[in-house]
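Data first, discussion second: the structure below is written as structure tokens.
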2 protein chains.
Amino acid sequence: MPPDTATALLSARWVLPVAPENRVLDDHSVVLAGSKVLAVLPTPVARERWPDLPETRLDRHALLPGLVNAHGHAAMSLLRGYADDLPLATWLNERIWPLEGRWVDPAFVADGTALAVAEMVAAGTTTFSDMYFFPEASAAVALRAGIRAQILGPLVRFPNAWSSGADEAIHKSLALHDEYRDSDRIRIAFGPHSTYALDALHLARIAVLAEELDVRVQIHLHETTEEIATARKETGERPLETLERCGLLGPNLQAVHMTQLEPGDPGRLARHAVSVVHCPQSNLKLASGFCPVAELRAAGVRVALGTDGAASNNSLSLFREMHVAAILAKAVAADAAALPALEVIRMATLDGAEALGFGDLTGSLESGKAADMVAVDLSGIANEPVFHPESQLVYAGGERGVSTVWVDGEPIFDKGRHLRQDTDAILASVRRWRNRMQDEQ
Amino acid sequence: MPPDTATALLSARWVLPVAPENRVLDDHSVVLAGSKVLAVLPTPVARERWPDLPETRLDRHALLPGLVNAHGHAAMSLLRGYADDLPLATWLNERIWPLEGRWVDPAFVADGTALAVAEMVAAGTTTFSDMYFFPEASAAVALRAGIRAQILGPLVRFPNAWSSGADEAIHKSLALHDEYRDSDRIRIAFGPHSTYALDALHLARIAVLAEELDVRVQIHLHETTEEIATARKETGERPLETLERCGLLGPNLQAVHMTQLEPGDPGRLARHAVSVVHCPQSNLKLASGFCPVAELRAAGVRVALGTDGAASNNSLSLFREMHVAAILAKAVAADAAALPALEVIRMATLDGAEALGFGDLTGSLESGKAADMVAVDLSGIANEPVFHPESQLVYAGGERGVSTVWVDGEPIFDKGRHLRQDTDAILASVRRWRNRMQDEQ
């Protein structure tokens, strides 16, 4: 069917299209043309123009683009709460890495990713980024679950369950990229873990490949003070400078965390059109530091939002991440007007989509874009009165009201039920993994 | 019936008694004696000793003391989201205070408090503190709803809807205190708003009355840098010093916010046994500053938790407050091991109860205490696997699993339903208030 034939109306009390204008539209309808958005119009206008179309009424709901979780390690959901409240080095070296070394295999990744995707979908996320071992397993799970994803295998110098080192990891990433070349759902990108996990020559090689093939690159960058201090000591420069020297600063780059900045850094990131992925809950929980979000945005840097993995969060709800991002940005900027609710919603939708290279496809409710959407019921004791729905979505716990989630116009979650995933089977597998890991603790 | 006659068993997968030991007990039962806790025992032991008692099984649940919300302005729930993302002075002077001046009366307070109590109960809170106009109306609502409360009328020098100034406000507080003298549910305390809203002579008078009558005192203290700067300019001293001079620093005092401290302050607060009430979400959202929670606790200061009012939060869930408190404390202390999950649960229960003067009665599951409890279902996609239930309660969004809430052994919330409040009637009244206020915006 041609993309300009309307097929259905979704009429909501409030529509937040994010673009072309980022404001709240009262009593509007999203007109669908199959899997695409055809138009966003006042409901009476839409009804008059298409009186015979099936109409879904969302009378107590806000309808907004599906959320984009721009950084995470999905399979680590199997380690949720396994080792909290520990110093970062102890957490990684003594708990997480040994456990991963012992257990991570394709089945672990498939089961953990299925759990993570189910949680994300139920919280309104329709696109996520994932960096973990066995990315082919994560990609397959995402595809079956009907969610959109940027998938990255970790590129690290040391041998691990998935690769013998950086060369093989790059090779495997390229092969996987080739496999999903034509997919609108799955995009494979490069995941150099960090400057401390890779040498400069491999970083330079990744830069060339990324530019040649137009592949995105995501890296953990300036997460902690220790990372900067160690880099200075070992290389004489900060990781950001290493990336610049290796040719990696550019519009394809997604720099995750960025809690440790110097005065010239926001301008440098903006000039190179680098996207920053902000993970406030992980940064706080691991005591990594404070990303200056308002300052970065004022400098013209695109800032997306990520939950990071469940082992350092412990929730994959991007609504919860929006909440913490919005209130933390105000305190960090010492300005209660910093990062208003509509702006953080933009970060969690369109900015995320653009950072991941999905901006042409998703992240806003605009004509021609995929109908990736979430409906949130704002009625009830914890949300009312509703003066400004965006305030409720961000500050009052939007994820509790998620009622329906669509990808490409297809509902994948509705009224508490997953339509593409068997959550009973997922939970049974999760409990098996838990018991096996617990027994060997 | 004598308090040592067991009447029922509540058998949970995990019990978190908070005291005498603050740890997780696997497969334990809380033995009730009417409205009191008789004992906490391993479930097989309890079943053997009392084989004929009715037993409630909570096989997927954590059972913990009901939460204590140590600071708020309940009726302001009617202003939830009315004016977000504004600078503090604009927010107060141009939006909140004019709106309050126009609308606040006993009916507003009764309806707003009913909404707030319903939200708090559904999120596991069994005791709250409230500072607002017409405290007699809040107290009546709390009593009917079956929740425990510390109620304070605002003591301010300027005339307002409730009083002509400080003298009348103190007089009315004393009368209300007398009315509830014998209540275990409602305790009336003094609510001097702040040092800038009262003169030193009234603060001194409150200090004497509080000591004579053994009444608690709650005050907003060191909330913002502006508060300190203005006080220095106008009085030559910081508000904390003014309170010391007026004789208010003592075990009856609850100092709310405390984001602006000098090096000697934690020791001074500890010496005077002052309780601090930490409201991290409000502090972040209003860009007030960062309370050094780990440092205060290390100095021996009791730190309770509060949500503040819905107009500056916008949720009254103490689970959400615990989450932000726990992750923020780590970043502020630059220590990922700061404020572990069990410690923040203690802050939100026993420390809060002791700060409010309810410590003999509630805040832990110990023999002889009131059976004020909350059961949280930890099964499901967003919580599993469960390695450490305290991690899930704090970091993964415990309020989403609240299944039953008891005060004095009586369920007041069960399986999504309020048993002592008519939520349809509350929502109808909230919508009426919303429409009236919206129309005059």
Contact order normalised by residue count of the stretch B:120-191, Cα under 8 Å, 6+ apart, percent
32 percent
Cα radius of gyration and Dmax for the protein assembly as shown (Å):
27.1, 82
Most exposed first, judged by fewest Cβ atoms within 10 angstrom, B:CYS291, A:CYS246 run A:CYS246, B:CYS291
Just counting partner chain Cβ atoms within 10 Å, what average do the residues of peptide A:326-339 show around their Cβ?
6
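If you average the sequence gap of Cα pairs under 8 Å that are 6 or more apart and divide by the length of chain B, what percent do you get for the contact order?
21 percent
Identify the trypsin sites (Lys or Arg not before Pro) of the stretch A:396-441 meeting these criteria: DSSP loop state and at most 14 other C-beta atoms within 10 Å of the C-beta.
Listed in order of number, the matching sites are A:LYS415.
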In peptide B:374-385, how many Cβ atoms from other protein chains are near each Cβ within 10 Å, on average?
6
Mind listing the label-point distances from B:PRO263 to the same position on all other copies, shortest first, one decimal in nm, points 7 Å along Cα→Cβ?
2.7
Check: in the protein assembly as shown the Lys pairs 8 or more apart or on separate chains whose Cα atoms fall under 29 Å apart number 17
Kirkwood hydrodynamic radius for the stretch B:1-108: how many Å is it when counted over pairs of different Cα atoms?
17.6 Å
Fewest-first sequence of B:HIS73, A:HIS418 by Cβ atoms within 10 Å of each Cβ:
A:HIS418, B:HIS73
Rule-of-thumb check for chain A: C-alpha Rg over 2.2 N^0.38 Å?
0.95
Between the stretch A:238-261 and the stretch B:237-287, the alpha-carbon center distance in angstrom
42 Å
Quick one: Kirkwood hydrodynamic radius for the stretch B:231-332, alpha-carbon pairs, angstrom, one decimal?
14.2 Å
Which whole number in µm²/s is D for the stretch B:57-182 by Stokes-Einstein, with the Kirkwood Rh taken over Cα pairs at 10 °C and 1.306 mPa s?
101 µm²/s
Along each principal axis of its Cα atoms, how long is the stretch B:171-232 end to end? Whole angstroms, biggest number first, please.
42, 23, 17
Nearest-5 percent of antiparallel DSSP beta bridges in the protein assembly as shown?
45 percent
Select from A:LEU38, A:LEU53, A:GLY363 the residue farthest towards the positive end of the dipole of chain A; place +1 on Cβ of Lys and Arg, -1 on Cβ of Asp and Glu, and compute about the Cα centre.
A:LEU53
What does the structure give for B:277-290 when I average, per residue, the other chain Cβ atoms found within 10 Å of the residue Cβ?
4
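Every number here is computed from the coordinates shown, using simple stated rules; none is lab data. Since the model is a prediction, treat every value here as computed from it, not as a measurement. Glycine also receives a Cβ, built like all others from the backbone with ideal geometry; neighbour counts cover every protein chain displayed.
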